Amino acid sequence: VHADTASVAAATPPTADTLLAGGQTANRNFTVTTGFRLTQNTIQLDTHLDDSAQVNTFILDSGAPMTIAPQLVQALDIKPAASVALAGPEGGQLEVPVVSLPDVAIAGLTFRNVGAVVDWVEPPDTLACLSTSGLLGASLLQAAIWQIDFKTQQITVTDSLSALRGLQDAIKLPFKRSDAAGSPRILVGVSDADNVSLLIDLGFNGSVAIPMALLESAGDRIADTAPTEVGQASSTVFGNKPSEVRIARLRELRIGDLHLQDFPVVTGTAVSDFHVGIEFLRHFRVTLDWVNNDLYLERRESHSALYADFATYGFLPRLKDGQLVVSALWHASSAENAGLKLGDQLVEINGQDTTAPDFETVCNLLNRLGQFGSEDAPISVTRLRDGKRETVRVERMPLVTDELISGRQ
């Protein structure tokens, strides 16, 4: 009877939950430190898969499971072992395969049996500018303690808190693993509401985003004059779809003993979860301790630095049918005031011919001109509309100005 029971157990296929929760480190008593790149406010880390010499760049993302591009799975000759339904914006769902990755090496540290969903974007989706490999997600991260130092752009991975700095001066908050992959959620206060679950999302390059229904249930409202973006406001594995994003105000955001009055947040139809991202977290040394399920936030900058001003040129360029077009636009921004409209073809930017752009050109433009791009000076933009060319001057300007922020000090 025992032998028959064992045979049945061995024949039972693994579930997506067991695969995503099964990652472990091959090492013990380890501490490694490695550099990372911060591009468009997104953490990029180099890895090696299955003892390969090839370097694969992944995006660090605590708010999602490990995610790997189908072509990499095919190259590794790994067969799907289960499937899972991913939840997306506006109630969307996507059924994807789940695999177990034998080895994922980061800075000489090896993670084994890492559950990963098989799905990723390809050009011209702009997420592919940051990685063609996928996400280093929570199903891998939960096997260790991770400390991210944004000032030095270094990450320390360890199995012991004693190897880390700054914890005694940090806000310490317990977190719950919100899914099988281990994505961390803390409890915070939002205006009239207490014990609201907030996702620590290192894959989100913005500050704080909150669904409209949650914002309103906490007793806040979106002002009629709130800055608003229309067009393709976000890119996910679900693709790009027209959406609306607005900047609203929380009367108070409470994270531990940190109380932020009149705090600007992103909301709108594209926001499906309450999450905090890198634009907020980069002002801290962040430690995610999956051994004890604790988050440490050691503030490295002033209170006022936590308030994003949403500086932007006001438009987003994307490839469409081989042309570079305006695909998103902030109302009352410098771009709209200069006369740009959704769908305008962009034929020249700062003297660069963009009439026949390749994907690398688009990525370089986003790295410079996106909301978290490197360019800050005014730019010239030549648009083509109804056969007529016009060149306009566009400045990077904050959507949230100092006089509208109270209680920052």
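The values are calculated or read from the model by the stated rules, or taken from the named source; none is laboratory data. As the structure is a computational prediction, the values presented were derived from the model and not from experiment. Every residue, glycine as well, gets a Cβ built from its backbone with ideal geometry; the counts of neighbours run over all protein chains shown. In case anyone asks, the SASA skips ligands and DNA or RNA and just uses the protein heavy atoms, side chains included. Shrake-Rupley method; radii C 1.70, N 1.55, O 1.52, S 1.80 Å.
Structure data summary
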read-out: Options Pro174, Pro211: the member that is open to solvent by 50 Å² or more (accessible area, probe 1.4 Å), touching a strand residue (DSSP E or B) at 6+ places or on another chain (Cβ under 8 Å), in contact (Cβ under 8 Å) with a residue 24 or more places away in the chain and more than 30 Å from Gln54 (Cα to Cα); value: Pro174
read-out: Residue pairs meeting the criteria (Cβ under 8 Å; at least 6 apart or on separate chains; first at pLDDT 95 or above and open to solvent by 20 Å² or more (accessible area, probe 1.4 Å), in the stretch 260-271; second of a type in the set (Lys, Arg) and assigned to a strand (DSSP E or B)); value: Gln261/Arg251; Asp262/Arg249; Asp262/Arg251; Val266/Arg246
read-out: Criterion (surrounded by 14 or more Cβ atoms within 10 Å (Cβ to Cβ), under 30 Å from His259 (Cα atoms) and β-branched (Val, Ile, Thr)) met by exactly one of Val392, Val400; value: Val400
read-out: Asp46 vs. criteria open to solvent by 40 Å² or more (accessible area, probe 1.4 Å) and not in a strand (DSSP E or B); value: no
read-out: Residue in the stretch 329-339 that is over 22 Å from Thr225 (Cβ atoms) and open to solvent by 60 Å² or more (accessible area, probe 1.4 Å) present; value: no
read-out: Residue check, Glu301 within 30 Å of Leu187 (Cβ to Cβ), surrounded by fewer than 16 Cβ atoms within 10 Å (Cβ to Cβ) and among the acidic types (Asp, Glu); value: yes
read-out: Checking Val121 against (1) at pLDDT 95 or above; (2) hydrophobic (A, V, I, L, M, F, W, C); (3) buried (at least 19 other Cβ atoms within 10 Å of the Cβ), the condition it does not meet; value: (1)
read-out: Residue that is farthest from the chain's Cα centre (by Cα) [pool: residues in the stretch 247-259 that are within 13 Å of Arg221 (Cα to Cα) and either β-branched (Val, Ile, Thr) or open to solvent by 60 Å² or more (accessible area, probe 1.4 Å) (or both)]; value: Arg251
read-out: Odd one out for Phe36 among (1) at negative phi; (2) at pLDDT below 85; value: (2)
read-out: Check on Thr382, in a strand (DSSP E or B), open to solvent by 50 Å² or more (accessible area, probe 1.4 Å) and either touching a residue at least 60 places away in the same chain (Cβ under 8 Å) or of a type in the set (S, T, N, Q) (or both); value: no
read-out: Residues satisfying the stated conditions in the stretch 303-329, i.e. assigned to a loop (DSSP other than H, G, I, E, B), among the small types (Gly, Ala, Ser) and touching a residue at least 60 places away in the same chain (Cβ under 8 Å); value: Ala308, Gly314
read-out: The stretch 152-168 - residue that is open to solvent by 80 Å² or more (accessible area, probe 1.4 Å) and modelled with pLDDT of 95 or more and, of those, nearest to the chain's Cα centre (by Cα); value: Gln154
read-out: Restricting the stretch 273-296 to residues that are open to solvent by less than 10 Å² (accessible area, probe 1.4 Å) and closer than 14 Å to Leu167 by Cα, the residue that is farthest from the chain's Cα centre (by Cα); value: Asp289
read-out: Of all residues in the stretch 132-145 being under 17 Å from the mean Cα position of the chain (by Cα) and not in a helix (DSSP H, G or I), the one that is surrounded by the fewest Cβ atoms within 10 Å (Cβ to Cβ); value: Thr132
read-out: Unmet criterion (only one of (1) touching a helix residue (DSSP H, G or I) at 6+ places or on another chain (Cβ under 7 Å); (2) open to solvent by 40 Å² or more (accessible area, probe 1.4 Å); (3) within 16 Å of Leu140 (Cα to Cα)) for Ser83; value: (3)
read-out: Close pairs (6 angstrom Cβ cut-off, 6 or more residues apart or separate chains): within 11 Å of Pro184 (Cα to Cα) in the stretch 274-296, assigned to a loop (DSSP other than H, G, I, E, B) and among the polar types (S, T, N, Q) anywhere; value: Trp290/Gln142
read-out: Check on Asp321, exposed (fewer than 14 other Cβ atoms within 10 Å of the Cβ), at pLDDT below 95 and of a type in the set (Asp, Glu); value: yes
